[in-house]
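A short write-up of the structure that comes next.
The values are calculated or read from the model by the stated rules, or taken from the named source; none is laboratory data. Note that the coordinates shown come from a computational prediction; the quantities given were computed from them, not determined experimentally. Ideal geometry is used to build each Cβ from the backbone, glycine not excepted, and the neighbour counts take in all protein chains shown. With ligands, DNA and RNA removed, areas are computed over all heavy atoms of the protein, side chains included. Shrake-Rupley method; radii C 1.70, N 1.55, O 1.52, S 1.80 Å.
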Amino acid sequence: MTEFNLITTSFNAKSTAADVVAGVDLTGRRAVVTGGASGIGVETVRALAGAGAEVTLAVRDVEAGRRTADDVTATTGSKQLHVAPLDLSDQASVAAFVAGWEGPLHILVNNAGVMYTPERRTREGWELQLATNHLGHFALTTGLHAALAAAGRARVVSLSSVGHVETPVDFDDINFRRRPYDPAVAYGQSKTANALFAVEANRRWSDEGITVNAAHPGAVLTNLTRHMSTEELDAAVASGYEFKTPEQGAATSVLLATSPRLEGVGGRYFDDCNEAARYVPGGPRKGVADHARDPEAAARLWQVSLDLLAAA
């Protein structure tokens, strides 16, 4: 496994999306933010639009997307905002979004996701968290590959989570057909997949000027936590875990999408606006686990994902 000198910046866990994008000019650049109508997605859109980018909010709820776009226009003055339907758990919806995209794409922030859902399956029989968090974004990003390549210097941000440290991808039962379903394990697997996607996509595409990195936004109390019980949320608070505001939660992904400091950097995992150190089992729940940056697992996941999509 390749070891890097960790990349550090002047920003930290308290930095906001507005902080990290200050002084960056995105005029003429086009961006897509999945899940841009809620939580940290809103602040990601706001930061990119405020820096001059043309931003498309790819959202399940189009009306909520329009309200967000209006709010962002009111706060930034930007009128270069578009709203398009996208349901990542529905491959037909993903295909329609890809088919409708025209021209180059400079920034893709794979921000949307679900967490700790009860056991549910898509029409293909895929476990919902894997289908939404990984396979939907996999199909979207590979479908937009030509648009990203046409941009010349494109960046993709894959939002992972520290929850990935709990479990690698179980290639023997990736969709929980035999093992008992555990929402936390399913979530952790999907977030490991998000990190591995960055490793393999960057390996495949960096020669085309496309860089792909993974980001842990930190803990933010948004709609993402709606499937967590009161006891689980209370336990997280009692554990001393520091929660971020949505503006702070959006900072790391905006940094990866825009910072000149990260030009040409890819295949890495960042948290708190800096490259994450290696997670040590049994230590603090922070950093990136070895299983989430294993190039062999990343290549295997890519092929498994292609096979699942082909069989759909």
| message | Pick from Ala37, Ala150, Ala215 the residue whose mean-square fluctuation is largest in a GNM of the chain, springs joining Cα atoms under 10 Å. | response | Ala150
| said: Taking the Cα centre as origin and putting +1 on Lys and Arg beta-carbons and -1 on Asp and Glu beta-carbons, what dipole magnitude results for the stretch 39-122, to the nearest 20 debye? | reply: 60 debye
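Whole-Å semi-axes of the chain's equivalent ellipsoid, largest first, each the root of 5 times a Cα gyration tensor eigenvalue?
For the chain, the semi-axes come out at 26, 22, 21 Å.
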| field | Segments 156-167, 54-65, 269-280 sorted - mean Cβ within 10 Å per residue, highest first | value | 156-167, 54-65, 269-280
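If you take every DSSP beta bridge whose two residues both sit in the chain, what share of them, in percent to the nearest 5, is antiparallel?
10 percent
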| task | Considering Cα pairs under 8 angstrom that are at least six residues apart, work out the relative contact order of the chain and quote it in whole percent. | result | 22 percent
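Determine the share of the chain's accessible area contributed by carbon and sulfur atoms, expressed in whole percent, with a 1.4 angstrom probe.
On the way: 6640 of 13170 Å².
Of the solvent-accessible surface of the chain, carbon and sulfur hold 50 percent.
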| field | Theoretical ellipticity at 222 nm over the chain - DSSP helices of four or more residues, -39500 (n - 2.57) apiece, nearest 500 | value | -11000 deg cm²/dmol
| field | the chain - accessible surface per residue (Å², probe 1.4 Å) | value | 42 Å²
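In debye, nearest 20: dipole of the chain around its Cα centre with unit charges on the Cβ of K, R (+) and D, E (-)?
340 debye
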| note | Expressed in nanometres to one decimal, the distance between label points 7 Å along Cα→Cβ at Asp25 and Arg66 is 3.5 nm
| Directionally averaged shadow of the stretch 1-146, computed from the convex hull of its alpha-carbon atoms, nm² | 11.1 nm²
